[in-house]
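The values are calculated or read from the model by the stated rules, or taken from the named source; none is laboratory data. Bear in mind the structure is a predicted one, so any value in this text is a computation, not a measurement. Counting neighbours? That spans all protein chains shown, and the Cβs are built from the backbone with ideal geometry, glycine included. Side chains included, ligands, DNA and RNA excluded: accessible areas come from the protein's heavy atoms. Shrake-Rupley method; radii C 1.70, N 1.55, O 1.52, S 1.80 Å.
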Amino acid sequence: MSKINENFLNLQDSYLFSTIAKKVAEYSKNNPDKEIIKLGIGDVTKPIVPACLEAMHKAVDEIGTQEGFKGYGPEQGYEFLRNAIVENDYKARGVDIEPDEVFVSDGAKCDCGNIVDIFAQDNKVAITDPVYPVYLDTNVMSGRSGKYNEQTGTYENIVYLPVTAENDFKPALPKEKVDMIYLCFPNNPTGTVLTKEDLKVWVDYAKENDSIILYDAAYEAFIEEENIPHSIFEVEGAKDVAIEFKSYSKTAGFTGTRCAYVVIPKTVKGYTKSGEAIELNKLWNRRTCTKFNGVSYIVQRAAEATYTPEGKKQIKENIGYYKENAKIIKKGLEEAGFTVYGAVNSPYIWLKVPEGMTSWEFFDKLLEEVNIVGTPGSGFGPHGEGYFRLTAFGTKENTLKAIERIKNWNINNG
C-alpha cells in the first residue's frame, strides 16, 4: 500500500486563485454578453521589451549552430547572468554579494516554496498576515503547520504577524521565539513597504534568536521612495540572517517566460540538532544540483538583457506604465469613497470593503454588478478579512474603464 503525505490533507480545499478562476468562469458562462475586467491575479499585460526579445532571438540562432549549441547548463545559472545580477542589483547599491551566492531559477514562487526543503520540520514559522498563500501552504505541505482551526482560520503551529491599518501595516516582532520568518516588501497583497530602520529591527531579532529571514523582494522595481531598501542586504547585518528572493516576472514581464533568482550569502548559517553551524548556501546548492537542471540558456540571455542600457530604459517605461495604472486606481477609488492603501511603491492596491460586508461578498458584488474581478483579502489570511486587492497590471484602457464603472456604481443598490 502506497501511503500519501498526509500533511496535504491539512491544506484548505482550494488555492485562492483557482477559486477565483472558477467563480469567474461560471459567471462568464451564465453571462456571455458581459465584458469582465480582470484586476485580480497579478499577471502582466505589457509584452516583453525589445532588448530582451533581441537577446532571445540571438540566443535561438546561436544554439542552432554546432559551435553555439547548449545542452545542460550549470544548475545554479550561467556565469554571465549571475555576474550581471551581482553588478547591477547589488554592487550598484553598495551591497557585496558574490556570484556563487546567486542561484538562478524558474520563478520566485518556486523558490519560496522549495526553500523549505533545507529546513527541519520542527522549525517554528512566522508569517505576516495577510500573506501570499505560497509561504503558508508549502509549510503546511512540509508538516510545520499543525492542524487548521476553522473558527480562527489559523494553523496551530504557525505564528501569525498581523499587518493591518491598525499597526500601519508594520508587523510587530513575535512574542515567542521563531526560527523562520517570511517577510515580503513591497508587500503582496497590501502594497505597503518597510523602511531600512523597520527592517533593522527584524535583522536584530533574527541575530538574537538564530532565526532566518526569508525575504521576498519580487516587487522591488516598483519602489520610488528613497528611504525604502530594494534589498534586505542594504540593512546592516542582514547577510548573516537573510535569504532573498527576486524575480523578473513583474520587473521584465517574464510571468510566462519564467526566470528569477535567490540569494543565499555564505555567511547565513543553520544548525544541526547538536548545534553545529552549517552554511545554508551549501545545502541549497546541493538541493539545486539534485532537483533542478537550470533555466534555459535562451531565457537567461533575455534576463541578462534587462541590465543593458536599452533593457533598463525599456523596462523602466513598462514599470512606469503600471505605476500610472496604480495611481489611477488609487485616485479613482478614493473619489468613490473607499479607503485605500498601497499603490505608491507597489503595483497592488489594498482597499477597505464597505462595513457589514465580507471580502468574498464584496468580490461577488463587484463581479456581478460592475463585472470587475479582484482578490478577496480573506484569501490571504484571517487578517485580510475586510480588505480587497486590485492590481495595476491590466491595460490602461481597462484600468480607466474599471475605475469609471466603480465611480458610477451605487454599491448599496447595485
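Selection of first residues in region 178-191 that are at positive phi and of second residues that are modelled with pLDDT of 95 or more and polar (S, T, N, Q), restricted to Cβ pairs under 9 Å at least 6 apart or on distinct chains, gives the following pairs, ordered by first then second residue: Gly191/Asn345; Gly191/Ser346. Reported count of residues in region 83-106, each being without any contact (Cβ under 8 Å) to a residue 60 or more places away in the chain and either closer than 13 Å to Lys246 by Cβ or among the basic types (Lys, Arg) (or both), is 2.
Of all residues in region 20-39, those being of a type in the set (A, V, I, L, M), touching a residue at least 24 places away in the same chain (Cβ under 8 Å) and assigned to a helix (DSSP H, G or I) number 2.
Please go through region 244-271 and give me each residue that is open to solvent by 50 Å² or more (accessible area, probe 1.4 Å) and over 22 Å from the mean Cα position of the chain (by Cα), ordered by number. Result: Lys266, Thr267, Lys269, Tyr271. When region 39-80 is filtered for residues that are touching a Leu at 6+ places or on another chain (Cβ under 9 Å) and surrounded by 14 or more Cβ atoms within 10 Å (Cβ to Cβ), the ones remaining, listed by number, are Leu39, Gly40. Restricting the search to region 135-156, which residues are assigned to a helix (DSSP H, G or I) and open to solvent by 10 Å² or more (accessible area, probe 1.4 Å)? The answer is Leu136, Asp137, Thr138, Met141. Of all residues in region 21-30, exactly one satisfies the criterion of being open to solvent by less than 40 Å² (accessible area, probe 1.4 Å) and more than 20 Å from Thr395 (Cα to Cα), namely Tyr27. Restricting attention to region 104-117 and to residues that are open to solvent by 30 Å² or more (accessible area, probe 1.4 Å) and under 13 Å from Thr138 (Cα atoms), the residue that is nearest to the chain's Cα centre (by Cα) turns out to be Lys109. One residue is enough: does region 164-174 have a residue meeting the conditions on the phi > 0 side of the Ramachandran plot, of a type in the set (Phe, Trp, Tyr) and part of a loop (DSSP other than H, G, I, E, B)? Looking through region 164-174, at least one residue is on the phi > 0 side of the Ramachandran plot, of a type in the set (Phe, Trp, Tyr) and part of a loop (DSSP other than H, G, I, E, B). In region 298-309, the residue that is farthest from the chain's Cα centre (by Cα) out of those that are assigned to a helix (DSSP H, G or I) and surrounded by fewer than 20 Cβ atoms within 10 Å (Cβ to Cβ) is Pro309. Yes or no: Glu355 touching a residue at least 24 places away in the same chain (Cβ under 8 Å) and not small (Gly, Ala, Ser)? No, not satisfied.
Being touching a residue at least 12 places away in the same chain (Cβ under 8 Å) and farther than 16 Å from Ala336 by Cβ is the filter here; which residues of region 388-414 pass it? Scanning region 388-414 gives Arg389, Thr391, Ala392, Phe393, Gly394, Thr395, Lys396, Asn398.
Note on region 332-414: enclosed strands (runs of 3 or more DSSP E) holding 2 or more residues that are open to solvent by less than 50 Å² (accessible area, probe 1.4 Å) and under 20 Å from Ile20 (Cα atoms) are 348-352, 387-391.
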